[in-house]
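Derivation of every value follows stated rules applied to the coordinates shown; laboratory data play no part. It should be emphasised that the depicted structure is a prediction, and the values quoted were computed from it without experimental measurement. Every residue, glycine as well, gets a Cβ built from its backbone with ideal geometry; the counts of neighbours run over all protein chains shown.
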Amino acid sequence: MNTIKALFLTHKEYLHSEITGGVQLCSQEFHFIIRNAGDVSLEDYYIPYTRNLLQRAMIKSKMENYSVFDIKRDAPALLAYMEQLAIQAVFINMASAVRFARPIREKFGDSVKIILLSHGNHSCDFLHLITKPVARPSLLRSWLNRVRLGNLIATEAEYRVKWLDGVVALSETEKQIENWFGAKKASFLPRRLYKDFLMWKPVPGRIGFVGRLDHPPNLQGISILLEELSKQHQGLQFRLVGAPPEYGMKIKKQFPFVEYLGELKDKDLESEVATWAFFLNPVWWYSTGASTKLARAISWGLPIITTTAGMRGYEWKKGTLQVADSPAEMAACIVQEANSMERLNHWKNQTELIAENGPDQMELSGRIRQIYE
């Protein structure tokens, strides 16, 4: 098997951070699978966020169009480094860095494969934001949102057609979106499942959620569920983990039975979730990428309640998760089972079975390999 020299192009914090969120989990997973593929010699190359005043103004005004990196400033050093190392393939980590594809293609032509490791297109979450806004926008903001949505979609399609050799997506749904955009090749990479089981010591009736609280699907999803639980929580302890704190405190004020714990470092988070009867994954809409925290909960061997949308991007051969596809149904499951150790042990055993029966390294690396071969 011939070995290719490849570059993993990313912002440093996506691979290295004291607090591991969905972006870090996906980035580390992509990196691990490629590095262990057997036919890739992988070098990491870190790119900083833009300090360009115009780009920063566009970001602040919520009109950003794949411009969180300063391509003009940082591309020359990248291209020189690639030439020095005789790089044959570049894996661009996250769609936000996709604009680096153009100078790479213009410099090296078809001699370098350019593969986007997509965590999800910006247009997907933005479409959710403007159709299900947290607060009612002004008429001007509504018009600007439509302009931005059109620009995002046009940029996404242009780069698939002109500058990329292929895209690796986090779900089957997004693979088909990539095909619709005109990607030359598209592959779906299911989440890597593994065993890292915690010493589970549940407090009956204690349930919890982990996630970014300023991410609209998370904020809206958890709020809808808490509204249902407030009608029938019957002494349940709801633990909420995530940032920013102002969002967490607002939720706690609205729902006094919620215990807000802020953003926890990895070790503290593991100690906390090991006391939960259920790890909740209340994803009611198909948003960007995949629900990466589900893979982590599976690896921990915790009882889980999820939704069908929350399981997008996953494949396994044995085991079943408890699925509730409406807030009322999920609340009912929690009330009925969160205090029963017999039921909790049943669901824990199912999670452990799933963790042992996910896709293996050979299959996962093969799904990426078909893009760069």
May I ask for the angle, rounded to the nearest 10°, between helix 71-85 and the longest principal axis of the chain, with both axes built from Cα atoms and the value confined to 0 to 90°?
70
Trypsin sites (Lys or Arg not before Pro) within the stretch 307-373: DSSP coil, no more than 15 neighbouring Cβ in 10 Å
LYS317, LYS318
Output the 0 to 90 degree angle, nearest 10, between the alpha-carbon long axis of helix 327-337 and the longest principal axis computed from the alpha carbons of the chain.
50
Magnitude of the Cβ-charge dipole of the chain, K/R +1 and D/E -1, about the Cα centre, nearest 20 debye?
900
Report the trypsin sites (Lys or Arg not before Pro) located in the stretch 1-52 that are in a DSSP loop and have at most 11 other Cβ atoms inside 10 Å of their Cβ, or state none.
ARG51
Calc'd 3J(HN,Hα), the stretch 42-48, phi into Karplus 6.51 cos²θ - 1.76 cosθ + 1.60 (θ = phi - 60°), Hz, glycine/Pro = x, comes to 9, 10, 8, 9, 9, 10, x
In cubic angstrom per residue, the convex hull of the chain built on its Cα atoms measures 133
How long are the semi-axes of the equivalent ellipsoid of the stretch 272-373, taking √(5λ) for every eigenvalue λ of the Cα gyration tensor, in whole Å from largest down?
27, 16, 10
Dipole check, the stretch 206-355, charges on Cβ (K,R +1; D,E -1), about Cα centroid: among TRP316, GLY235, PHE257 the Cα furthest to the positive pole belongs to TRP316
Which net charge results when you count Lys and Arg as +1 and Asp and Glu as -1 among the other residues whose beta-carbon is under 14 Å from that of ARG148?
+1
Taking N as the number of residues in the stretch 206-355, the ratio of its alpha carbon radius of gyration to 2.2 N^0.38 Å works out to 0.96
Please identify the trypsin sites (Lys or Arg not before Pro) of the stretch 153-221 that satisfy two criteria: DSSP loop assignment and at most 15 other Cβ atoms within 10 Å. Which are they?
LYS184, LYS195
Excluding near-sequence neighbours (fewer than 8 apart on one chain), the stretch 206-355 holds lysine pairs with C-alpha atoms under 18 Å apart numbering 7
